[in-house]
Every structure is written in structure tokens, then in C-alpha cells.
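Peer 1: Sharing a structure with you now.
The values are calculated or read from the model by the stated rules, or taken from the named source; none is laboratory data. All values reported here derive from a predicted model rather than from experimental measurement. Cβ: placed from backbone, ideal geometry, glycine included. Neighbour counts: every protein chain shown. For accessibility, only protein heavy atoms count, side chains too; no ligands or nucleic acids. Shrake-Rupley method; radii C 1.70, N 1.55, O 1.52, S 1.80 Å.
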Amino acid sequence: MQVVAGVDLGGTAINYTLVNQQEQFLIEGLCEHPALSKQGPEVCLQQIEDGLKIAAERVHVLLSDIVAVGLDTPGPASAAGLLSAKGSTNFLHPKWAGFDVRDALAKRLGKPVTYLNDGNAGALWGHFTIFGANSRETSVSVVIGTGLGGGIIIDGNVVKGRKGFGGEMGHVLIPYQSIAGLDGLKPACNCGRSGDLESVCSLTAIERSLLPFFLSRYPGHDLSKVTDMHQAAKLVRGFADKGDALCRDIFRVQAHGLRLFFDEMINTFDPDALIVGGGALEASQEFQRWFIEQIRAGMPTQREEQADIPILVMPHGDTAGARGAAIEALKLARQSGLA
């Protein structure tokens with residue numbers, strides 16, 4: 001049985017998946033192992049090979065049955081998988097700097113390997129769940145995590161750009177001054193910009209800007225007793241899911257930031273769907289519905305023909321990277337006559 005693999009290589013974990021020619025994923029949930037990326041490329045590439053054997057055995061296929069592999073990693077990296085000369089955000093070992101991770105993995109495995117950054121891989125998975133692997137539709141996805149990733153799919157293909165930086169959704173500037181309740185706050189992003197989407201819509205934004213800002217308006221709140229702001233920020237989603245007023249205010253700000261961003265995307269791409277995923281939405285369905293309603297509420301009036309563009313929640317967000325990478329590899333396998 002010929003199958004294609006997806007490998008989501010992160011700074012702390014590697015997640016694997018397998019998909020067959022009928023676009024059926026053979027592994028449900030996570031097939032995950034702690035990543036050895038801190039030990040450098042050679043150790044990590046060996047781990048990927050070993051992990052693929054484990055994943056194959058789990059679904060009773062041979063390693064030789066895997067005809068292509070899709071890989072995704074955090075950036076910055078080129079569209080072909082050449083990591084930045086300054087190193088990748090989550091790969092701290094010095095030998096990762098300027099390392100061609102796609103080519104090295106292809107040579108080690110003796111199989112064709114495709115490459116996407118993790119945000120684009122997640123976007124491709126979100127697109128696939130709605131339209132399938134051979135679609136011609138257009139979608140815009142955002143993945144809310146520590147930062148904010150995502151991607152644009154046009155005619156079923158990932159927009160990578162000239163150097164691989166296409167679809168950097170988090171660093172698109174938005175008119176944040178129009179977000180109600182942010183008077184006096186100038187949100188800053190790790191990229192050096194102020195007022196981009198990531199600066200108001202990410203876990204880092206909660207930690208650095210939004211939580212301290214709103215705690216000053218809610219004296220005596222339980223989160224003010226948590227001395228570590230990073231840990232306090234990670235608790236905000238759970239509080240918001242239970243209806244806490246302060247934490248709902250924070251997520252309302254993030255939703256309103258998204259509505260401004262999506263308005264820009266609607267008028268740029270006229271997409272078939274807008275998709276939201278990531279850890280921020282790993283909550284109850286009631287909270288997910290509320291959050292999507294907040295994005296939709298107050299969006300600038302669209303043309304009648306565009307008013308029905310759906311805003312959807314990305315399913316299986318924890319496996320999105322590996323599954324998106326596998327879909328990219330499946331396209332290559334089909335084009336090459338391997339599957």
C-alpha cells in the first residue's frame with residue numbers, strides 16, 4: 001500500500017502522520033515524540049527517520065511503502081527549506097544556521113521531500129478539510145499560538161512568495177486604534193513593528209500587552225495574584241471559556257483585530273473561506289461560537305456578493321502541521337506518478 005508521510009518538526013516535539021491515495025489519514029490524533037532539535041541536525045534527522053519507522057509500524061505499513069514525505073518547520077526559512085543563516089526561531093543549535101533541512105532529509109531517506117513553514121502547513125490542512133486536496137478554491141487561514149501564523153491558499157496551492165515569506169499573516173499591519181477598549185495601548189510585536197496582527201492576537205500579545213493592560217482595569221482579579229506573567233497569560237483562555245469578564249475582554253480584542261485583518265483579506269483576495277485555528281480555540285464549542293461571532297460582529301459592510309464568506313474553525317488543530325505537510329507531499333506524489 002503506497003502512502004505519504006507528514007512530519008511536523010518543532011522546537012520541542014515532532015508529530016507524524018500518514019495519508020493514503022484516497023486522502024484518508026491513517027493515524028488519528030497525535031503520533032508525537034519529544035524533538036531532539038537542540039542536539040543539532042544530524043541527531044534530529046536520524047530521529048525523523050526512526051520516527052517514520054514507528055509511525056509506519058503503528059498502521060502496519062512498511063517504510064518502503066512511504067513514497068514521499070512532507071516536512072514543515074518553524075521559520076525563518078526559504079520556500080525550499082533552507083533555514084536562515086541566523087538560525088531558526090526554535091532551533092538553537094548553531095549547525096542549524098543556513099542548513100538545508102529539506103535536501104538533507106531527502107538524501108537521508110532516499111525519497112522526495114516537500115517543505116512548508118509550519119504556518120503554511122496549518123493553512124493547507126485547514127483548506128483541505130473544507131475543499132479537499134485537489135481544490136481550486138481560495139482560503140485565508142490564521143493559526144493563533146505563541147505567535148500568529150497562517151497562510152493563503154489560491155487555486156489549491158500555498159502562496160509561498162519569492163523568498164518563502166508569503167502568507168506571514170501575523171506581521172500584516174492593522175488599524176488597531178479602531179479596536180474598542182485599547183485606548184492608550186500601543187501593542188508591540190517581536191518583529192519590531194507596532195500594531196501588526198500578532199501584536200494584538202497571540203499568546204505573546206496577551207502576556208506582553210493585553211493582560212497587564214486589562215488587569216489595571218480589574219483590580220483584585222485572580223490573575224493578578226499569579227506572579228509569573230507568562231503562566232498567567234496561559235490561563236486566560238480557560239478563564240475566558242468559563243465566561244470571566246476580563247478574559248473575555250482580552251479575547252474580544254483579539255477577535256476584533258481578526259475582523260479588521262479579515263476585512264483586508266476579503267478585499268484583497270475575495271476568498272471562498274476564512275479559517276481560524278490554533279491553541280486559542282482549543283476550548284468549548286460555545287466559546288468557539290462566541291469567538292467567531294465576535295469576529296463577524298461589526299465587520300465593515302461587505303458587498304452583497306461577499307457577505308456570505310464563511311468564517312470557520314480549523315479542526316484537529318494539534319495535528320494541522322503534519323497533516324498539511326502530508327497533503328503537500330501527496331500533491332507531489334500525484335504529479336510525479338508515485339501515488
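Peer 1: If you scan region 28-76, which residues turn out to be part of a loop (DSSP other than H, G, I, E, B), open to solvent by 50 Å² or more (accessible area, probe 1.4 Å) and of a type in the set (A, V, I, L, M)?
Peer 2: Passing the criteria: 30, 36, 62.
Peer 1: If you take the residues of region 89-115 that are hydroxyl-bearing (Ser, Thr, Tyr) and under 18 Å from residue 328 (Cα atoms), which of them is nearest to the chain's Cα centre (by Cα)?
Peer 2: Restricting to residues being hydroxyl-bearing (Ser, Thr, Tyr) and under 18 Å from residue 328 (Cα atoms), the top hit is 115.
Peer 1: Report, ordered by the first and then the second residue, all pairs with beta carbons closer than 6 Å, sequence separation of six or more or different chains, a first member in region 241-253 that is over 20 Å from residue 195 (Cα atoms), and a second member that is among the β-branched types (Val, Ile, Thr).
Peer 2: So the pair list comes out as 247/236.
Peer 1: Every residue in region 186-227 that is touching a residue at least 24 places away in the same chain (Cβ under 8 Å), open to solvent by 40 Å² or more (accessible area, probe 1.4 Å) and in a loop (DSSP other than H, G, I, E, B), please.
Peer 2: Across region 186-227, the qualifying residues are 190, 217, 218.
Peer 1: Quick one: in region 1-45, which of the residues that are at negative phi and of a type in the set (Asp, Glu) is nearest to the chain's Cα centre (by Cα)?
Peer 2: 8
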